[in-house]
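Heads up, the thing below is written out as structure tokens.
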Amino acid sequence: MSEPSDPSTQPFPAVPSTPLPRPAPPAAPGAGATVPGAAPVPAAGATVPGPTAGTGTGAAAGTPAVPEEAAPAADPVPPRRRTALRIGGAVLAVALGMGIPTWNGYVFYRSGNPAYQIHTVAAGGTGTLMNVAWKVKVEQADNLPGARPIKADQRWLKITVTRTSLNTEGVIRRGDPTVKVKHPDGRAWQTETVGNTLPVEVKDHKIGTGYDYNLVSLVPQSVAGKVEVEVLPSTIRVPLEEESVEDMFKRVGTEKNDPQDQVLLFRR
């Protein structure tokens, strides 16, 4: 039997559906966020369950147990001492970095410029080095023939350095010396050789005969009577007879090289 049709329609009641879960926003640290390896922090307003009464140890029943913080490990080196050690290490590194190149440079300099061995000669005296006797004479002059005019506070010095060979070895040591004018306070002035009386031929060089080097120097008038003369004899050995280039190289390779560090200082 068919059911009578009802001209009015009644809609079915709506069935409420369960809403889809929404992703939770990232929680700020300390507000319920979970850090790996750490205990979860309860969200704001959440109740922290305490221990059951009678189960606490050393605290009143029902009082939450507070975990004790681990004491920081003691620093084996105090901060001030550690800072001092770092500064000291840095200063030492800088000193070594600067000192080693400086020392190497000094050694290289001294290898070609040895420290002078000063031999002082009294005024008017004679100094002897490498089988040669040396003597010095100094005269002052306002002007020199053919020289340019000088200032009122300057003075010319005419210097005569006399060398006398004491034996054959002294004749062989006939290289030209280096001559300087020095003040006791360390100041120095160059000299210029204007002539000499040495024989041109070696065979004419006589033992016991004095030969002169004539030099001039321009110094302040205030020190003209105080400066001293420094003579650095040459260590060059010149043979007595004519020799070939081959023989000369053989001789130079076998001879002992004397350091050019012996100086005669003539007082005034």
Self-check item: Meets criteria (basic (K, R), open to solvent by less than 50 Å² (accessible area, probe 1.4 Å) and either closer than 17 Å to L129 by Cβ or at pLDDT 95 or above (or both)) for R237
Solution: no
Quiz item: Is the range 114-135 home to any residue that is open to solvent by 40 Å² or more (accessible area, probe 1.4 Å), at pLDDT below 90, not in a strand (DSSP E or B) and not aromatic (F, W, Y)?
Solution: yes
Exercise. Look at V181 and say whether it is open to solvent by 90 Å² or more (accessible area, probe 1.4 Å), part of a strand (DSSP E or B) and either in contact (Cβ under 8 Å) with a residue 60 or more places away in the chain or out of contact with any Gly (no Cβ under 9 Å at 6 or more places or on another chain) (or both).
Key: no
Quiz item: For residues in the range 151-173 being assigned to a loop (DSSP other than H, G, I, E, B) and open to solvent by 40 Å² or more (accessible area, probe 1.4 Å), which is farthest from Q260 (Cα to Cα)?
Solution: A152
Self-check item: Scan of the range 197-223 for residues that are in a strand (DSSP E or B) and open to solvent by less than 50 Å² (accessible area, probe 1.4 Å), ordered by number
Solution: G210, Y211, D212, Y213, L215, V216, S217, L218, V219, P220
Quiz item: When V263 is evaluated against the numbered criteria (1) open to solvent by less than 30 Å² (accessible area, probe 1.4 Å); (2) at pLDDT 95 or above; (3) over 19 Å from Q117 (Cβ atoms); (4) among the β-branched types (V, I, T), which criterion, by number, is the only one it fails?
Solution: (3)
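The values are calculated or read from the model by the stated rules, or taken from the named source; none is laboratory data. The shown structure was predicted, so the numbers you read here are calculated from the model rather than taken from an experiment. No Cβ is skipped: glycine too gets one built from the backbone with ideal geometry, and neighbour counts run over all protein chains shown. Areas reflect the complete protein model, heavy atoms only, side chains present, ligands, DNA and RNA absent. Shrake-Rupley method; radii C 1.70, N 1.55, O 1.52, S 1.80 Å.
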